[in-house]
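**Q** Can you read through this structure? Questions will come right after.
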């Protein structure tokens, strides 16, 4: 990952959100996330967008099609045109990612990925959710999955925070303290 | 007994149940990994010089804060850091374990033992970066720290709490001089710390063996960051040594710290700065390279409430050029310098101290009275000798006075020659200088000078111990004692038989 690309993408994302201070609709937010996963999945598109040999018109056409595929509204058109005009179309993946992160940060929305060694019951899920809400406030969304590598325990991870209490983690600690001796 | 894996899992889960979600670790993602450095996106509340834990087990220190990422230097070369790895804030700065049990041990830049003698029991953890003592806490330098090297103790004396730079070309005896000083501290209640920065491991092994063989490890701690270690470790090692020194100073002890050498330290910092893309300045060093060393050396000093930290930083120069960037910086930071001359070294004058270029700005006040009294004309005599020596090389005919000065200078140089690992106490030094000052060596052959002074010292020590003890006790040579010594020297001169 290029550090400069990350910094530039963050600037585009911040500029877009500053120009559009009203909250995004659920559909728009979902479209941004979809856009990010689309570009992550199809990395060759970012590469092709970088080619100066490709005409700007073709790039516009391609972006229009992607816009329709992921369901982005017209609100995003100026941003996309600006990025293509600046010859930075290869940054779209990062810009969508930064848009997601920045929007979540500004609106106090956090997505937690909760992994546990065993399937959590509804009560346990509720407990995790209420603990996080109590601790951080704002809107908390959790996705749950089973991760047998934890051996026993639970791991809560968002883009900004991490909490883990598992056997795997303890074994790691033991391993590293032994390695350092 | 048959145990099901499910039972074990629930047993573990029960053990883990007591760990409450008190606080969440703030994390970021590694977005770029380089040579000893990585850049992490996120960690928005991270602070400069904060310690960061990586999920893969490595650790690092934040040394650059940008708007969208932070640059972290890694502590361990052998633990890989991967892109997108989670980096956790610790909320702490880098600390090292300190305690009395460090004595006699060899530790690396993170304070872990590397001498194979097992773990070190530490009593506390101290941050490696700390404020230098303020003016209120400091006491004037008024006590001598004997190096045991006659040329230094007589001409560029070092006081407790002083910072005296050892400067010279490669292979001119800089480390040997520092080691001699450490060896001389035996039985003097001075704790010694030797910081090896970016040196070869074979060199360090030789130094350790030497210290062990001479029984100096009992009061010495070695901090090592050899050339194979991460650039961060090489950068940290002098601060780690200084922190250990400060710990002992806080206990009221006198500490001597040797930084071998700060040229390597500056090079390590230059590498870090270039990796952080900071603008390079003179010789590609960053603009804050002066602060790098000034904040380290300012931590040395003599404190009012007891305890002192004396620093002997070493710096290597190229072709006797003391006007290079790092040497001039260090000369201006320290309280004097001992310049080791390549030409003198090659002509067999060892220690190769260039008296003209060496200076001690504060040590004179701390010099023992006995040595001060007997060495008062030595500097002038050597200066006159050097001038006349240049003059005599033109084949000019010299008058009798000039010839006498030349002869005296030659004998002074002979007296100041000293074999490695043999150090002299201040009484021995005072006796040697007395013999020279009073002209007892003027009539001797040059080859007999060394034997004469050494034998005279041992003659006084064994035949007239009361004289020796009087100087030792009073640290001075009274007029009466001076007369007595004069008589003793005459007596010895009549007995002296030159070795074959």
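**Q** Take peptide B:24-33, look around each residue's Cβ out to 10 angstrom, count Cβ atoms belonging to other protein chains, and average those counts.
**A** 5
**Q** Could you check the simple spin-label distance between residue A:129 and residue A:73, using points 7 Å along Cα→Cβ, in nm with one decimal?
**A** Spacing of the two 7 Å Cα→Cβ label points: 2.6 nm.
**Q** Now for a different question. Can you tell me how the range B:159-220 classifies by the Cα gyration tensor, rounded, prolate or oblate, using a/c under 1.5 as the rounded cut?
**A** Details: a/c = 1.91, a/b = 1.12, b/c = 1.70.
In terms of gyration-tensor shape, oblate.
**Q** Relative to a virtual label point 7 Å from the Cα of residue B:305 in the Cα→beta-carbon direction, which members of the range B:121-141 show backbone nitrogen distances below 17 Å?
**A** The answer is B:131-140.
**Q** Let me ask something additional. Largest first and in whole Å, give the semi-axes of chain A's equivalent ellipsoid, each being the square root of 5 times a Cα gyration tensor eigenvalue.
**A** 37, 21, 15
**Q** Sticking with this one: Determine the shielding of peptide B:425-432 by partner chains: average, over its residues, the number of Cβ atoms on other chains within 10 angstrom of each Cβ.
**A** 0
**Q** To the nearest 0.05, what FRET efficiency results for residue B:131 and residue B:90 with a Förster distance of 30 Å applied to their C-beta separation? Intermediate values should be presented prior to the final figure.
**A** On the way: r = 22 Å, r/R0 = 0.72.
Between residue B:131 and residue B:90 the formula returns 0.90.
**Q** Further question on the same structure: Normalised radius of gyration for the range B:97-367, please: alpha carbon Rg relative to 2.2 N^0.38 Å, two decimal places.
**A** The reported ratio for this selection is 0.94.
**Q** Inside 10 Å of the C-beta atoms of A:160-171, what's the mean count of C-beta atoms belonging to other chains?
**A** If you average over the peptide's residues, the count of other-chain Cβ atoms is 5.
**Q** Could you work out how far apart the two model spin labels at residue B:480 and residue A:26 are, taking each label as a point 7 Å from the Cα in the direction of the beta carbon, and quote it in nm?
**A** 10.6
**Q** Still on this structure, please answer the following. Can you give the FRET efficiency for residue B:451 and residue B:494, using 1/(1 + (r/R0)^6), R0 = 22 Å, r = Cβ-Cβ distance, to the nearest 0.05?
**A** That pair, residue B:451 with residue B:494, gives E of 0.90.
**Q** What percent do you get for the relative contact order of chain B when only Cα pairs under 8 Å and 6+ apart count? Let's see the in-between values first.
**A** Details: 927 pairs, mean separation 74.5, N = 500.
Taking the mean separation of contacting Cα pairs over the length of chain B, I get 15 percent.
**Q** Can you quote the Å³ per residue value for the convex hull of the Cα atoms in the protein assembly as shown, rounded to an integer?
**A** 232
**Q** Let me know the shape class of the range B:24-93, please: from the alpha-carbon gyration tensor, a ≥ b ≥ c as square roots of the eigenvalues, rounded when a/c is under 1.5, otherwise prolate if a/b is greater than b/c, or oblate.
**A** The shape class here is rounded.
**Q** What's the percent breakdown of Cα-Cα distances in the range A:108-180 across 10 Å bins, shortest bin first?
**A** 19, 46, 26, 8, 0
**Q** Report the gain in length on full extension from residue B:487 to residue B:376: 0.36 nm times residue separation, minus Cα-Cα distance, nm rounded to one decimal.
**A** Fully extending the segment from residue B:487 to residue B:376 adds 37.8 nm.
**Q** Tell me, what is the percent relative contact order of the range B:135-225, built from C-alpha pairs under 8 Å that lie six or more residues apart?
**A** 25
**Q** So, one more: In the P(r) worked out for chain B, what percent of Cα pairs fall beyond 37 Å? Walk me through the numbers on the way to the answer.
**A** Numbers: 48200 of 124750 pairs.
Cα-Cα pairs of chain B separated by over 37 Å account for 39 percent.
**Q** Give me B:450, A:86, B:125 ranked fewest to most by other Cβ atoms within 10 Å of their Cβ, as a rough exposure proxy.
**A** Going from least to most buried by this count: A:86, B:125, B:450.
**Q** Something else now. What distance in nm separates the simple spin-label points at residue B:45 and residue B:404, each placed 7 Å from Cα in the Cβ direction?
**A** Once both label points are built, they end up 8.1 nm from each other.
**Q** To the nearest 10 degrees, how steep is helix B:231-250 against the longest Cα principal axis of chain B, on a 0 to 90 scale?
**A** For B:231-250 against chain B, the angle is about 70 degrees.
**Q** Run through all the Cα pairs of the range B:203-345 and give the fraction in each 10 Å bin from 0, expressed as whole percent.
**A** Going from the shortest bin to the longest, the percentages are 10, 36, 37, 15, 2.
**Q** Can you tell me the length gained on complete extension of the stretch residue B:274 to residue B:472, counting 0.36 nm per residue apart and subtracting the Cα distance?
**A** On the way: separation 198, 0.36 × 198 = 71.28 nm, distance 5.40 nm.
Length difference between fully extended and current span is 65.9 nm.
**Q** Continuing with the same structure: Which value, to two decimals, describes the C-alpha radius of gyration of the range B:89-192 once divided by 2.2 N^0.38 Å?
**A** Normalised Rg, Cα atoms only: 1.35.
**Q** Okay, moving on. Taking a cut-off of 24 Å, what percent of all Cα-Cα pairs in the range A:3-105 are separated by more than that? Working shown, then result.
**A** Numbers: 729 of 5253 pairs.
Everything past 24 Å amounts to 14 percent.
**Q** Over the range B:218-349, what is the relative contact order in whole percent, taking alpha-carbon pairs under 8 Å and six or more residues apart?
**A** 26
**Q** Just to be sure I understand: of the beta bridges DSSP finds with both ends in the protein assembly as shown, what percent are antiparallel, rounded to 5?
**A** Just about 55 percent of them are antiparallel.
**Q** For residue B:121 and residue B:189, what does the FRET efficiency come to when R0 = 30 Å and r is the distance between their Cβ atoms, rounded to the nearest 0.05?
**A** 0.85
**Q** So what is the 222 nm mean residue ellipticity for chain B from helices alone, if each DSSP H run of at least 4 adds -39500 (n - 2.57) and you divide by all residues, rounding to the nearest 500 deg cm²/dmol?
**A** -12000 deg cm²/dmol
Taken together, the values in this text are just the output of simple stated rules run on the coordinates, not laboratory data. Here the structure is a predicted model, which means the values were calculated and not measured. Methodologically, a virtual Cβ is constructed for each residue, glycine included, from the backbone with ideal geometry; neighbour enumeration extends over all protein chains shown.
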